[in-house]
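Please read the structure below before turning to the comments.
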Amino acid sequence: MSNVGERGFSLLELVIVLAIFMVAITTAVSIFASIVSQQRRILDEEELLSQASYALEYMSRAIRAAVKDDTGSCLGDSNIGYNYVLTNYDSASGFYEGIKFINQSNSNACQEFFIDLDGALKEIKNAGSAQSILSNAYNIKYGRFILNGDKNVQGSSPDDLVQPRVTILLNIQTKAQNPQEKIIQTTISQRNLNVQ
C-alpha cells in the first residue's frame, strides 16, 4: 500500500491550529471574566445608591415634619423656639455632622441624626440608644448638615426671616475589597410654615 495519495496534517500544522485555538479560548475567558467583574461592580454600585437613597429619604421625611421646641425639652433651654439644632461639630472640617429636632410625625419624638465616630450614620429617638440607619457594609467617609446654606449657623432661630432649610451631604463608601464611594446631597425644608 502506498501513502502517496493520502493527505494528513503535519505536526507543524497541528501546533499552529492548537495555538490559534488557545488564543481564542484565552481571549473568550478573559472577556467573560471582565464582564463578570464589571457586573459585580455595577450591582455593588446599585446597592450603594439604594442604601443611600433610603437613608436620605428616611431622614428627609423626619426632618420635614420638624416643629418648634417651645419648652427646650429636646433642643435645650438656650434653644427654645428653635426648629433644628446642629450637633457633633467637627473642628477639622468646620462642619456639623448631626442634627436634632422634634419630629411631629413620630409622636413629637426628640430625634437626632448624626455621623458616629465609627463612620456609621445613626439616629437617636427620645434619648434612647443610637441605632444605625445604613447597613454595616457601608461607611460614611464624611457627612455635613448645614442650615440655610451657612455652615456657621448652628440652629434655626425663631428670629430668622427665612423658612429653615437643611442641607445634608454624605460621602458613602462600601467596605468591600474594592471600595466604591458616592457623594449625595439633598436640601429639605419643613412641611409647615415657620410662622410666629
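Any read-out appearing in this document is the output of simple, stated calculations on the displayed coordinates, not a laboratory observation. Here the structure is a predicted model, which is why all the values come from computation and not from measurement. In this analysis, Cβ positions are derived from the backbone assuming ideal geometry, glycine residues included, and neighbour counts consider all displayed protein chains.
Structure notes:
- Proximal charge balance of R41 [Cβ under 14 Å; K/R count +1, D/E count -1]: -3
- Scaled to the globular estimate 2.2 N^0.38 Å, the Cα spread of the chain, given as radius of gyration, is 1.78.
- Sorting the segments 86-97, 39-50, 17-28 by their residues' average number of neighbouring beta-carbon atoms within 10 angstrom, most packed first, yields 86-97, 39-50, 17-28.
- Binned Cα-Cα distance frequencies in the range 74-135 - 10 Å width, integer %: 22, 51, 25, 2
- A Förster distance of 35 Å, applied to the separation of the beta-carbon atoms of N148 and S37, puts the FRET efficiency at 0.20.
- Cut-off under 5 Å, modelled amide H: who pairs with R191 long-range: A65, A66
- For the chain, the longest principal axis of the alpha carbon atoms and the long axis of helix 11-64 meet at an angle near 10°.
- Summing charges over neighbours of D118, with a neighbour being any other residue whose Cβ is under 14 Å away from its Cβ, gives +1 when K and R count +1 and D and E count -1.
- Rounded to the nearest 0.05, the FRET efficiency derived from the C-beta distance between D159 and A137 at R0 = 41 Å is 0.40.
- Placed amide H near R165: partners under 5 Å, 5+ positions off or other chain: N148
- Ordering of 30-36, 144-150, 99-105, 127-133 by burial proxy (mean other Cβ atoms within 10 Å per residue, highest first): 99-105, 144-150, 127-133, 30-36
- For the range 114-129, 3J(HN,Hα) per residue [Karplus equation, 6.51 cos²θ - 1.76 cosθ + 1.60, θ = phi - 60°, Hz, x = Gly/Pro]: 7, 8, 6, 4, 7, x, 9, 8, 10, 9, 10, 10, 6, 6, x, 7
- Here the contact order of the chain, divided by its residue count and restricted to Cα pairs under 8 Å and six or more residues apart, works out to 16 percent.
- Using the Cβ of I183 as centre and a radius below 11 Å, the other residues enclosed give a net charge of +2, where K and R count +1 and D and E count -1.
- The range 136-152 - phi-based ³J(HN,Hα) in whole Hz, Karplus 6.51/-1.76/1.60, Gly and Pro as x: 5, 7, 10, 10, 8, 5, 7, x, 9, 10, 10, 9, 6, x, 10, 5, 8
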